[in-house]
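Q: Could you have a look at this structure, given as structure tokens, before my questions?
The values are calculated or read from the model by the stated rules, or taken from the named source; none is laboratory data. Everything numeric here is computed off the predicted structure, so don't read it as measured data. Glycine gets a Cβ as well: all are built from the backbone with ideal geometry, and neighbour counts include every protein chain shown.
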Amino acid sequence: MYVYDQYDQKIVDERVSQFRDQTNRFLEGKITEAEFLPLRLQNGLYLQRQAPMLRIAVPYGLLNSLQLRKLADISRKYDKGYAHISTRQNVQLNWPALAEVPDILEELAAVEMHAIQTSGNCIRNTTTDQFAGVACDELEDPRPYCEIIRQWSTLHPEFAFLPRKFKIAVCGTEQDRAAIHHHDIGIELLANAQGEVGLKIIAGGGQGRTPAIGSVICEWLDKKHMLTYLEAILRVYNQHGRRDNKYKARIKILVKAMGVDAFRDAVAAEWTAIKDGPTTLTNEEILRARAFFKLPDYEILDGEVASAQLTEQTVQNPIFGNWIKRNTENHRTPGYRIVTISLKATGFAPGDISAEQLELLADLSDTYSFGEARSTHQQNLVLADVPTACLLEFWERLQAAGLATPNIGYLTDIICCPGGDYCALANAKSLPVAEAIQSRFEDLDYVYDLGPLELNISGCMNACGHHHIGHIGVLGVDKKGQEFYQVCLGGSQAKDASIGKILGPSFQQADMPDVIDTILSTYVALRQEEETFLDTYRRVGIEPFKERVYASAN
Amino acid sequence: MPLLIKNGCITEDTWQPVNQDSGHATHDQVATLEQWQQLADKNGSAVQLKPGESPAALYDYLDQIALVLVNFPAFADGRGFSYARDLRERGYSGELRAGGHFIRDQLTYLKRCGFDAFQLADDKALEDALTSLEDFSEHYQASIDQPLPLFRRR
Ligand code: SF4
């Protein structure tokens, strides 16, 4: 993974000092609340219902074991002994004290971490495929490009006060696991007719109040132009994005208002002025970034022997076998598998992880997975390089720590924002809805029979819980001071990107498990052969679901 | 005379402030864009840009203008950062001043986008503000005061 040199370290250290000074001035009353707001937000600090919330950046979801241990430490020392994985692959602390935040940032800087631009109207943490570098279907590892973007976007002088937040995602596979069509800018590594790998640039996607699927702005771009082209897009947005209404301020609204062609022309005009300028990437820089992500020292293993042995173990221990089936994936290298660790056990807030669990994962990653881990936008963790032969002992240790929930990609692997329990912007609570649904569907056989299913819950229109792109999406709404829930169906974050359609009038919290139950049994009744929920929905449309749900409600 | 930071020092402002209500600007006064467009002789002129007023109107006169004042009515409105960079990249070399309601914590960003003069709403705060110009000694991006991005220097 990327390792700081003296420049990176200096920038992060100076940022900590700057924020310490800003915090002191605020606590002494020398900066107004309004002026402090963007300063603290650009350091990831929110003032929430109960306490401040600090969002720590995990660049494109990559963590080493030292960082995991530091996070465990910090969560014990400054918080309540647990942390939360957000849907932007970041880590959140829910209970730090404002005056201690500069100390936390200083501790983070010591392990090459920071909270820069994890919030505010600026360029946020760039995200990617959690299986980057190990996925079988990958054209090229997207992480070097994410790191180049991270550096370019960090404290960018021109783009710190954009009309609204700005999110970039990069992926290197056809089967997009980074939701690039739902970002302000999405980048796909793609080969042209000559076989040369370049970048497809998509802009104007996004969630929130007016969800939109991004439009292709450039079919294929030479990698060396990546930063100047991004800069051109940001310039158009910074100058012309709406600033009068925060719900109309995202780039998706600008792209719609101008029309894709006019937007593309405006970008081209800005680009002409800076194309081939000093920000053009050099070959050395691309190679330098790639060198940080070269393959670890895999052992030469006999893949067939390893899988035969694994099969035997799974036959002897079906519970283990089930976990292997649900939570591990094929690896590019023979004799290894990718493991996803579910943070979605019933009774725990989705994405929450205790200090002890963080430390266990640090140990496991050191022993089995080259000392690295990844956070996912589905709020789970991945250990990407586990030898197949070690999986049984690995699983036993996970099981002892309550980390072996076998539900990755199924109904109970719910994406859920912190909602009304923590978030000051929420219209409704989201965590109790997630828990009620998980409790209702405890029968794993039924859950597996339903097949791959993404259920996403957000506590308000800001859509941190990605409800628009869940196969089933749940949105908390406020009706005359009462919490209600709107359901949408048919969203998808994958290559076949789509935005969910609203089912109808919203429901009370207590009815939600029944509503989900009816939706699911409707699917089971209507599905043909191997159809997934999304397949069936796309074939039959929303009507049959609507009929049944509202018929049983009356 | 009001004070401002220019080229890293606190100095007196020799320009008369903008007068919106007047039909035209005098020669020692900062003109609104509209007033400026009416000036027959733009040599040595001073013009104010507000958010939404594209610097494109100035392109043909960049070698004649003495001062461009980019006004920030609210510090969160970041359009002025792009205006400054655009003007500098097109070769404007006169004074580029930030005015209005930006805050001292934005000074390094402003400077890197090409501003060389800063007029804070409260000129008693200038002394403290000078220290904010020193917040960072290294940057990743190319900027007006450092035309090479870090990756071409490391
Ligand atoms: S979706 Fe709304 S309630 Fe949930 S975390 Fe985001 S802002 Fe808060």
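Q: Provide a single number: the residues in region B:126-146 that are facing another protein chain (nearest Cβ under 9 Å) and assigned to a helix (DSSP H, G or I).
A: Qualifying residue count for the region: 3.
Q: Out of the residues in region A:180-208 meeting the condition of being part of a loop (DSSP other than H, G, I, E, B) and over 19 Å from the mean Cα position of the chain (by Cα), tell me which one is farthest from A:Gly491 (Cα to Cα).
A: A:Gln194
Q: Now for a separate question. Scan region A:29-44 for residues that are touching a helix residue (DSSP H, G or I) at 6+ places or on another chain (Cβ under 6 Å) and in contact (Cβ under 8 Å) with a residue 12 or more places away in the chain and jot them down.
A: A:Phe36, A:Leu39, A:Asn43
Q: Could I ask something else about it? Can you tell me how many residues in region A:124-159 are within 14 Å of chain B (Cβ to nearest Cβ), part of a loop (DSSP other than H, G, I, E, B) and of a type in the set (Val, Ile, Thr)?
A: Qualifying residue count for the region: 2.
Q: I've got another one for you. One residue is enough: does region A:316-336 have a residue meeting the conditions part of a helix (DSSP H, G or I), under 23 Å from A:Tyr145 (Cβ atoms), in contact with a Phe, Trp or Tyr (Cβ under 9 Å, 6 or more places away or on another chain) and modelled with pLDDT of 95 or more?
A: No, the conditions are met nowhere in region A:316-336.
Q: Still on this structure, please answer the following. Of the residues that sit in region B:7-41 and are under 22 Å from B:Arg85 (Cβ atoms) and modelled with pLDDT under 95, which one is farthest from the chain's Cα centre (by Cα)?
A: B:Gly8
Q: For the structure I just gave you, tell me whether A:Arg124 is among the basic types (Lys, Arg), out of contact with any Gly (no Cβ under 9 Å at 6 or more places or on another chain) and within 22 Å of A:Arg250 (Cα to Cα).
A: Yes.
Q: So A:Gln92 passes all but one of these: (1) part of a strand (DSSP E or B); (2) within 14 Å of chain B (Cβ to nearest Cβ). Which condition number does it fail?
A: A:Gln92 satisfies all of (1) part of a strand (DSSP E or B); (2) within 14 Å of chain B (Cβ to nearest Cβ) except (2).
Q: For region A:242-279, enumerate the residues that are closer than 25 Å to A:Gly214 by Cα and part of a loop (DSSP other than H, G, I, E, B).
A: A:Arg242, A:Arg243, A:Asp244, A:Asn245, A:Ala249, A:Arg250, A:Gly259, A:Lys275
Q: Which of (1) modelled with pLDDT under 95; (2) of a type in the set (Phe, Trp, Tyr); (3) over 17 Å from A:Arg15 (Cβ atoms) does A:Tyr60 not meet, given it meets every other one?
A: Single failed check for A:Tyr60: (1).
Q: What's the number of the condition B:Asp105 fails, among (1) touching a Pro at 6+ places or on another chain (Cβ under 6 Å); (2) more than 20 Å from B:Val18 (Cα to Cα)?
A: Going through (1) touching a Pro at 6+ places or on another chain (Cβ under 6 Å); (2) more than 20 Å from B:Val18 (Cα to Cα) one by one, B:Asp105 breaks only (1).
Q: Which of the following residues is away from chain A (no Cβ under 14 Å) and aliphatic (A, V, I, L, M): B:Ala76, B:Ala56, B:Ala46?
A: None of the others qualify; the one that does is B:Ala46.
Q: Do we find that B:Gly94 is more than 9 Å from every other protein chain (Cβ to nearest Cβ), small (Gly, Ala, Ser), closer than 28 Å to A:Glu285 by Cα and out of contact with any His (no Cβ under 7 Å at 6 or more places or on another chain) in this structure?
A: no
Q: I'd like to check which helices (runs of 4 or more DSSP H) are fully inside region A:362-472 and have at least 1 residues that are touching a residue at least 60 places away in the same chain (Cβ under 8 Å) and within 16 Å of the ligand (Cβ to nearest atom).
A: A:431-440
Q: Among the listed residues A:Ile123, A:Ile202, identify the single one that is free of Cβ contacts under 8 Å to residues at least 40 places away in the same chain, closer than 24 Å to A:Ala232 by Cβ, in contact with a strand residue (DSSP E or B) (Cβ under 9 Å, 6 or more places away or on another chain) and outside the structural domain of A:Pro96 (by TED's automatic domain parsing).
A: Of the residues listed, the single one that is free of Cβ contacts under 8 Å to residues at least 40 places away in the same chain, closer than 24 Å to A:Ala232 by Cβ, in contact with a strand residue (DSSP E or B) (Cβ under 9 Å, 6 or more places away or on another chain) and outside the structural domain of A:Pro96 (by TED's automatic domain parsing) is A:Ile202.
Q: When residues of region A:315-329 are filtered for being over 20 Å from A:Cys136 (Cα atoms), surrounded by fewer than 19 Cβ atoms within 10 Å (Cβ to Cβ) and within 31 Å of the chain's Cα centre (by Cα), how many remain?
A: Residues that pass the stated criteria total 3.
Q: Is region A:479-491 home to any residue that is crowded, with 20+ Cβ neighbours inside 10 Å, outside any helix (DSSP H, G or I), hydroxyl-bearing (Ser, Thr, Tyr) and away from the ligand (no atom under 16 Å from the Cβ)?
A: no
Q: Residue under question is A:Arg538, and the condition is that it be assigned to a helix (DSSP H, G or I), touching a residue at least 12 places away in the same chain (Cβ under 8 Å), farther than 26 Å from A:Glu442 by Cβ and among the charged types (D, E, K, R); does it hold?
A: Yes: the conditions hold for A:Arg538.
Q: For region B:82-131, which positions are polar (S, T, N, Q) and modelled with pLDDT of 90 or more?
A: Correct list: B:Ser82, B:Ser93, B:Gln106, B:Thr108, B:Gln119.
Q: Among the candidates A:Asn64, A:Asn90, single out the residue that is of a type in the set (S, T, N, Q) and crowded, with 23+ Cβ neighbours inside 10 Å.
A: Matching residue, one of A:Asn64, A:Asn90: A:Asn90.
Q: Name the residue that is nearest to the other protein chains (Cβ to nearest Cβ), counting only residues in region B:115-125 that are in contact with a Leu (Cβ under 7 Å, 6 or more places away or on another chain) and part of a loop (DSSP other than H, G, I, E, B).
A: Taking the candidates together, the pick is B:Phe115.
Q: Take residues that are under 29 Å from A:Leu361 (Cα atoms), hydrophobic (A, V, I, L, M, F, W, C) and not assigned by TED's automatic domain parsing to the domain that holds A:Phe161 and tell me which of the strands (runs of 3 or more DSSP E) falling wholly in region A:1-84 contain 3 or more.
A: Hits in region A:1-84: A:52-56.
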